[in-house]
């Protein structure tokens, strides 16, 4: 049994290393700097219709003049789902013409131009080849449908995201329609968060792969619909482990490889995918988080992946469903979200500051509906609306100033590299052993399905001052500890913190090897082995780990001084640039950021003060952090002292708010 597990581990590692070798894109000095002007981008919804080139140019000029750095074109349904709206067929020559024009104009204006890699999301096609659709175990015919696309009222079928050959056939069509638009500056190809059915997800060959990896059949648990029963958590873990491999090698790896082959780059939200999230985010060129449908803390997973994978930019789809969501509601309200047109930038600033303090360094607005200048006939149902109409709040000088603020902070949060002293083992095994989110979560957040999504996991509060980052078993397998430093991926740490109920056997072996080399490890609780088939030596290895002099369940085993010490330390992120550190500390009031936001909540902030000590360059220095209402703080820490960078921005009170 031990030898079978070893062969499976070796084969899985070899497959993953193959994916990473062709997909991981550590930036070099000769690579183009992606999102180099740091200005926010916006998703630009093109509603299915005839696209007017003059309006395309006018809108791009307007965006440039309001301090946007670029756009991501997203092709969506006709407004009001009108079935008789004239429009060119998706990916046709007539469809491609204004897309190519938009890219050329964007280049001439110094704007970036990315593309959602399909119409709406997930990937789908009205003419998907037979057998290329997604399915669950119980589907004898592919039935997963996408009703609202550019070609509405035609129904599309959702692509099988577990079959790279199906993806490549889909990509061939997309690339044909977009190829001329790839010319000029590099464009990002974007895939949104996972919106594919995950329960009992299946594909051809899955059963055989599962049997080879785990030594027993998964089909009886599928057929009996018992996979998600509480007493089958070990089986569910094995299912998730096999599924994760499929998602990495059949989707995210090929997606990234295809983009680079076309002279583009990949940008992806891996959130919601049934996979090893930390590794998935390292496969693409630009990892992306989302707020506030995902909590700001989720951004730390994405930013940790970027740090481990040597990627500079960490993007975020931002301000989605700020004040809640009312659904499409085309017969009652026509999909307007709460307070659409009356959004308060002060509320939005709370969200982006919370993201900055969790590693995001490039904002992407969600978003900007295609409209003639001054017009507001088109709107999107889930979000804030950047608008060219002076009847709305997100326009004019107020919008321009806010964009400048976000670009300014982003520029500081892209300097050098991410600074962290503590690696924290991400609880992937716990998440895969877990089941559905409890009702108190799902009743508030309709899209939150199960613990495997890890929407709410946070690094330990007691070690916040070390700016901890997540690590996983994949990166620990190749990590080295020498001269008092843990070299893990492209990051350097001083210690490892582990607080999980379950730990994979391979991760236990890696951590034990590092501890033998002297790595300080705080093992907060004794983990168990997940999965149905256990290793006989698991307990012995765990005992040996605890016996190492550098391992303890007591936090004091981690003796490295925190970068920041004090009570109630605000969320922060730190970048190291040569001898200088840049620390962005979010206003403590950002703790209220969650879905949905209360309208005008930012104006309740009365300011606050924190007394902290910053340990830097071999000395300790006391600092008084005086947070003015609605403002965050950026510190520059140099060998000769600490200074505060004047960000020079206070959000305004906009129409619609009544104190």
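The values are calculated or read from the model by the stated rules, or taken from the named source; none is laboratory data. No experiment lies behind these values; they were computed from the predicted model shown. Reconstructed Cβ throughout: ideal geometry from the backbone, glycine too, with neighbour counts over all protein chains shown.
Highlighted here are the helices (runs of 4 or more DSSP H) found entirely within the range 366-484 that include at least 2 residues which are over 26 Å from residue 311 (Cα atoms) and modelled with pLDDT of 95 or more: 396-412, 428-433. Total residues in the range 628-643 satisfying the condition of being in contact with a strand residue (DSSP E or B) (Cβ under 7 Å, 6 or more places away or on another chain) and either surrounded by 13 or more Cβ atoms within 10 Å (Cβ to Cβ) or assigned to a loop (DSSP other than H, G, I, E, B) (or both): the figure is 8.
Residues are listed down the side, and each one gets a yes or a no for (1) in contact with a helix residue (DSSP H, G or I) (Cβ under 9 Å, 6 or more places away or on another chain); (2) modelled with pLDDT under 90; (3) within 30 Å of residue 212 (Cβ to Cβ):
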| residue | (1), (2), (3) |
| --- | --- |
| 1 | no, yes, yes |
| 5 | yes, yes, yes |
| 14 | no, yes, yes |
| 38 | yes, no, no |
| 49 | yes, no, no |
| 58 | no, no, no |
| 61 | yes, no, no |
| 98 | yes, no, no |
| 109 | yes, no, no |
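Take the conditions in contact with a strand residue (DSSP E or B) (Cβ under 8 Å, 6 or more places away or on another chain), touching a residue at least 24 places away in the same chain (Cβ under 8 Å), farther than 28 Å from residue 120 by Cα and assigned to a helix (DSSP H, G or I) and apply them to residue 351. Does it pass?
No: the conditions fail for residue 351.
For the range 581-595, the condition holds for no residue, the condition being that it is in a loop (DSSP other than H, G, I, E, B) and without any contact (Cβ under 8 Å) to a residue 60 or more places away in the chain. Would it be correct to say that residue 401 is within 25 Å of residue 293 (Cβ to Cβ), in contact (Cβ under 8 Å) with a residue 24 or more places away in the chain, surrounded by 16 or more Cβ atoms within 10 Å (Cβ to Cβ) and assigned by TED's automatic domain parsing to the domain that holds residue 66? So residue 401 fails the test. The number of residues in the range 101-115 that are under 21 Å from residue 285 (Cα atoms), part of a helix (DSSP H, G or I) and without any contact (Cβ under 8 Å) to a residue 60 or more places away in the chain comes to 0.
Within the range 234-251, the residues that satisfy the criterion of being more than 19 Å from residue 134 (Cβ to Cβ) and out of contact with any strand residue (DSSP E or B) (no Cβ under 9 Å at 6 or more places or on another chain) are 234, 235, 236, 238, 241. Does the range 137-145 include one or more residues that are within 21 Å of residue 47 (Cα to Cα) and in contact (Cβ under 8 Å) with a residue 60 or more places away in the chain? For the range 137-145, residues within 21 Å of residue 47 (Cα to Cα) and in contact (Cβ under 8 Å) with a residue 60 or more places away in the chain: absent. What about residue 118, is it under 30 Å from residue 67 (Cα atoms), assigned by TED's automatic domain parsing to the domain that holds residue 274, surrounded by 22 or more Cβ atoms within 10 Å (Cβ to Cβ) and in contact (Cβ under 8 Å) with a residue 12 or more places away in the chain? Answer is yes for this residue. For the range 172-179, state whether one or more residues are in the same structural domain as residue 276 (by TED's automatic domain parsing), more than 30 Å from residue 38 (Cβ to Cβ) and free of Cβ contacts under 8 Å to residues at least 60 places away in the same chain. Within the range 172-179, one or more residues are in the same structural domain as residue 276 (by TED's automatic domain parsing), more than 30 Å from residue 38 (Cβ to Cβ) and free of Cβ contacts under 8 Å to residues at least 60 places away in the same chain. Considered as a group, the residues in the range 65-100 that are part of a loop (DSSP other than H, G, I, E, B) and under 30 Å from the mean Cα position of the chain (by Cα) include one that is surrounded by the fewest Cβ atoms within 10 Å (Cβ to Cβ), and that residue is 67. Being touching a strand residue (DSSP E or B) at 6+ places or on another chain (Cβ under 6 Å) and surrounded by fewer than 19 Cβ atoms within 10 Å (Cβ to Cβ): is that true of residue 487 here? In short, yes.
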